[in-house]
Amino acid sequence: MFTGIIAAVGKVTAIKHNAKDITISVDSGSLDLSDVKLGDSISNNGVCLTVTKLNNNGFDADLSHETLKRSGFSQIKSGFLLNLEKAMQMNDRFGGHIVSGHVDGVGEVTSVNPLGNAVEYWIKAPAQLAKYIAEKGSITVDGVSLTTNEIDGAAFKLTIIPHTISQTTMVNYKVGTQVNLEVDLIARYLERLMLGEKAAESHNDHKSTMDLLARSGFLG
């Protein structure tokens, strides 16, 4: 489990292809690995990866075919920058929001505009994620816990302060940049909860969740 507060920016230094999977070597930059051991979890651009090897200046991790298919790592190459966060401990400060490290989809930056000292980003999410994104709600973008300031269909606006930009890969965002998105965990569980006993049925045995929510009065 993570909080979405980035500790360091790392860089992919090597990629080894294993059939449909890959192993990446990551230079962890300023991330303190003194308390990290084999098998521990580190969020890499919002993807929870297991440390399989510790190196002098970083670590190795395996990416499965499923991870590559569902995340922006399908475009990964040497030199790729990564937002890094170690798994939270029970005595850590909870500065962001609950982040599982399981990417729900890949979004695309559609607009980048300076706004005083801050920068305003518009990101378009996949259509199927739109129902989980709420104005002033939480969303994880490349592992960063952020607040959505405005919603337009499947697109959402972020207003990012200089500190966050300078401490994450967001400094390199431009129109067309692909980003990993994880929606609020509570929204996903709420949708499942609303199914009630129908949750045990096959998808072919009942109408869509959105229809159920509408019948329950949660949708206009």
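The values are calculated or read from the model by the stated rules, or taken from the named source; none is laboratory data. All values derive from a computational prediction rather than experimental measurement. Here the Cβ positions follow ideal geometry from the backbone for every residue, glycine too, while neighbour counts run over all protein chains shown.
Scan the stretch 2-14 and give yes if some residue there is under 26 Å from residue 129 (Cα atoms), in contact with an Asp or Glu (Cβ under 6 Å, 6 or more places away or on another chain) and not aromatic (Phe, Trp, Tyr), otherwise no. Scanning the stretch 2-14 turns up at least one residue that is under 26 Å from residue 129 (Cα atoms), in contact with an Asp or Glu (Cβ under 6 Å, 6 or more places away or on another chain) and not aromatic (Phe, Trp, Tyr).
The set of residues in the stretch 37-52 being in contact (Cβ under 8 Å) with a residue 24 or more places away in the chain and either farther than 17 Å from residue 181 by Cα or not assigned by TED's automatic domain parsing to the domain that holds residue 13 (or both) consists of 40, 41, 52.
Pairing residues of the stretch 60-72 that are more than 16 Å from residue 46 (Cβ to Cβ) with residues that are among the charged types (D, E, K, R) and modelled with pLDDT of 95 or more, at Cβ distances under 9 Å and at least 6 apart in sequence or on separate chains, gives 60/16; 60/53. Filtered by the rule that a residue be modelled with pLDDT under 95, within 17 Å of residue 168 (Cβ to Cβ) and surrounded by fewer than 19 Cβ atoms within 10 Å (Cβ to Cβ), the stretch 32-86 gives no residues. Filtering the stretch 110-128 to residues that are touching a residue at least 40 places away in the same chain (Cβ under 8 Å) and out of contact with any strand residue (DSSP E or B) (no Cβ under 9 Å at 6 or more places or on another chain) leaves only 117. Taken together, the criteria exclude residue 21 from residues that are within 26 Å of residue 165 (Cβ to Cβ) and acidic (Asp, Glu). Here residue 116 meets each of (1) at positive phi; (2) surrounded by fewer than 15 Cβ atoms within 10 Å (Cβ to Cβ); (3) touching an Asp or Glu at 6+ places or on another chain (Cβ under 9 Å) with one exception, condition (3).
Counting residues in the stretch 99-109 that are in contact (Cβ under 8 Å) with a residue 12 or more places away in the chain and over 16 Å from the mean Cα position of the chain (by Cα) gives zero. Give the stretch 13-35 a look and list any residue that's at positive phi and touching a Lys or Arg at 6+ places or on another chain (Cβ under 9 Å), or say none. Residue satisfying the conditions is 29 alone.
Annotation note: Cβ proximity below 9 Å between a residue of the stretch 133-161 that is at positive phi and a residue that is modelled with pLDDT under 95 and part of a strand (DSSP E or B) (sequence gap 6+ or interchain) occurs for 143/2; 143/99. Among the residues of the stretch 96-155, not one is touching a helix residue (DSSP H, G or I) at 6+ places or on another chain (Cβ under 8 Å), over 21 Å from residue 70 (Cα atoms) and of a type in the set (Asp, Glu). Just one of the numbered conditions (1) on the phi > 0 side of the Ramachandran plot; (2) at pLDDT below 95; (3) not basic (Lys, Arg) is not true of residue 95: (1). Do the conditions hold for residue 187, that is, is it modelled with pLDDT under 95, part of a loop (DSSP other than H, G, I, E, B) and more than 20 Å from residue 69 (Cβ to Cβ)? No: the conditions fail for residue 187. Just one of the listed residues (34, 74) is outside any loop (DSSP other than H, G, I, E, B), outside the structural domain of residue 152 (by TED's automatic domain parsing) and more than 20 Å from residue 157 (Cβ to Cβ), and it is 74.
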